[in-house]
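Single-structure report; data block below.
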Amino acid sequence: MAFRKKINSNAKTDSNTGFGTNASSYGGRFVTKSGNANVRKTGIGFFDSISWYHTMLTIPRWKFFFIIFAFYFLVNFAFASIYYMIGVQHLNGISAVNSIDKFGQAFFFSIQTYTTVGYGHISPSGFMTSFVASIEALFGLLSFAIATGLFYGRFSKPKAHLIFSDNAIIAPFQGKTALMLRLSPYKNTNLTDAEAKMTLGIHIEEDGKMVNKFYTLDLELQRVNALTLSWTLVHPITEESPLYQMNGDDIKNTLGEVIVFIKVFDDMYSTTVVKRASYTFDEIVYGAKFLPMFTRSQDNEKTLLHIDKLNLFEPINL
């Protein structure tokens, strides 16, 4: 792939991005599509590198519930195995004859003990069985307390409920062209005081070696008082823009990435939340315009925001 060797000298560089300048040390994009840093930490133990609490708060919902249910059944399977090894004859009320039924009843006794339900059909007898049951009951109380905290943490965590368009576009704007991308709120939340920042990271040749350079992309509108509808971020490509005089082929043949930072106030939580997104140059469509995504309702009483139209654009000639 070719690299763009020259960049507009009038463009404003940004040295406060937190990203390194050595291009040979970087692999892939700077920021993932979900907005996380594209970095994997090594040189430290696995358990030291992971915050389990933060992981459980941020993993997808299906993974969260899978871990909860898997932990629940594995713990009860482990305690049922202990009861079975001690001897099911120490569990009063088990009437099973074969080994599978005996283990099954020990498993469900473990569930009753772990959840502190205690139906009373089966009860422990003897020191070892009673001791294991008491340990399991305590472990169950602690586990449910942790699970409850995780549930609360996930549902109460403030989030910027914003989605970004899959592609950025370069479209006509005030007689010239502009880099545009679109975002929209999608939950029934009230977002105010929204502020946007757009940074361009690009690989260029400098003194015979490839380096990362970062440029602040000026926006036509950097702040809005209320984010109720879609918001199209517009970077006019003027003489001061690092994208000045770049055509469609230049975009395709350059390693670059547009990083977007959105900061907005959520008045339900009375706190500021942040959302990030990223567009590599192969995700930028040269010569297109976004299609409208909100319309008036039939009774003229509401404005309809069509979230499913967020990514719709049509090609045009520049």
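Accessible area per residue for region 72-157 is 58 Å², calculated with a 1.4 Å probe on protein heavy atoms, without ligands, DNA or RNA. Taken along the Cα-to-beta-carbon direction at a fixed 7 Å, the label points for Lys289 and Ala78 span 6.3 nm. Magnitude of the charge dipole for the chain, about its Cα centre and with charges confined to Cβ atoms of Lys, Arg (+1) and Asp, Glu (-1), is about 200 debye. Calculate, in nm to one decimal, what Asp101 and Ala137 gain on full extension: separation in residues at 0.36 nm each, minus their alpha carbon distance. Gain on extension, Asp101 to Ala137, equals 10.7 nm. Taking the Kirkwood radius as Rh and the Cα radius of gyration as Rg, the chain has a ratio of Rg/Rh equal to 1.18.
Checking the cross-link pairs Lys187/Lys302; Lys159/Lys187; Lys41/Lys159; Lys41/Lys275 against a 20 Å limit on the alpha carbon distance flags Lys41/Lys159; Lys41/Lys275 as lying beyond it. Subtracting the Cα-Cα distance of Met85 and His161 from 0.36 nm times their residue separation leaves 22.3 nm of extension gain. Summing Lys and Arg as +1 and Asp and Glu as -1 over all other residues whose Cβ lies under 15 Å from the Cβ of Tyr279 gives a net charge of +3. Between Leu57 and Thr238, what FRET efficiency comes out of the Förster formula 1/(1 + (r/R0)^6) with R0 = 41 Å and r the beta carbon distance, rounded to 0.05? Using R0 = 41 Å, I get an efficiency of 0.45. Comparing Phe127, Ala137, Phe155 along the charge dipole axis of the chain, the residue lying farthest to the positive side is Phe127, per the Cβ-charge model. Using Cα atoms only, what is the angle between the long axis of helix 61-86 and the major principal axis of the chain, expressed in degrees (0 to 90) to the nearest 10? Approximately 20 degrees, to the nearest ten. Compared with the alpha-carbon gap, the fully stretched path from Phe261 to Ser130 is longer by 41.4 nm at 0.36 nm per residue.
Counting only residues at least eight positions apart within a chain, or on another chain, there are no aspartates and glutamates with an alpha carbon under 12 Å from that of Lys209. Note on Thr192/Ser297: beta-carbon distance plugged into 1/(1 + (r/R0)^6) with R0 of 25 Å gives a FRET efficiency of 0.60.
For a straight C-alpha distance cut-off of 12 angstrom, the aspartates and glutamates reachable from Lys252 (same-chain residues fewer than eight places away being disregarded) are Asp282, Glu283.
Note on the chain: with neighbouring protein chains present and a 1.4 Å probe, carbon and sulfur make up 57 percent of its accessible heavy-atom surface.
Taken per residue, the accessible surface of region 201-318 reaches 56 Å², heavy atoms only and a 1.4 Å probe.
The values are calculated or read from the model by the stated rules, or taken from the named source; none is laboratory data. Bear in mind the structure is a predicted one, so any value in this text is a computation, not a measurement. No Cβ is skipped: glycine too gets one built from the backbone with ideal geometry, and neighbour counts run over all protein chains shown. Side chains included, ligands, DNA and RNA excluded: accessible areas come from the protein's heavy atoms. Shrake-Rupley method; radii C 1.70, N 1.55, O 1.52, S 1.80 Å.
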